[in-house]
Amino acid sequence: MSAPSPSDLLVILRHGSHGTNWLREGLDAALVAAAFGRGVSLLFMGEGVTALLRDQQVGPLGQKGTSATLEMLAMYDIETLLVEEAALERFGLTAADLMLPVRLLSAEAIAAQPGAHRLVLTF
């Protein structure tokens, strides 16, 4: 069996750290896939870009931020972090506001991502 390609799985994260479990579930799916040898890329879109903010606080209902999980990504060889550039602009953010290095993508580049991966999960 050949080694998985770096573009095996794309996990699209569209939700912020608080309010739903979608972000946490998406990150968990990515970590599990990586633990089983899949190459994983993460694409943060819409409110999902806020998950990468530095110094996250506990949410209004006591939900923890995702900083600890995000810090573990490198241990699982998840290094491709893609961010919707327009979403950062909508929230008044720049890549410097984020806790990890990311690659900013235009709408056109985002549209090409699903076709560049064998599997796509959206959360």
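The values are calculated or read from the model by the stated rules, or taken from the named source; none is laboratory data. What you are looking at is a predicted structure, and each value in this text was computed from that prediction instead of being measured. For neighbour counting, all protein chains shown are included, and Cβ atoms are generated from backbone atoms with ideal geometry for every residue, glycine included. These accessible areas exclude ligands, DNA and RNA; they are computed on the full protein's heavy atoms, side chains included. Shrake-Rupley method; radii C 1.70, N 1.55, O 1.52, S 1.80 Å.
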Extension gain, Thr80 back to Arg103 (0.36 nm per residue minus Cα-Cα distance, nm): 7.5 nm
Segments 11-19, 73-81 sorted - mean Cβ within 10 Å per residue, highest first: 11-19, 73-81
Heavy-atom SASA rank of Asp55, Asp97 (probe 1.4 Å, accessible area, largest first): Asp55, Asp97
For the chain, convex hull of alpha carbons as volume per residue, Å³: 94
Acute angle (nearest 10 degrees) that the helix 22-35 long axis makes with the longest principal axis of the chain, alpha-carbon atoms: 30
Cα-projected label distance for Ala35 with Arg54, points at 7 Å along beta-carbon direction, nm: 3.1
Chain lengthening between Glu89 and Val120 when straightened (0.36 nm per residue, less Cα-Cα): 8.7 nm
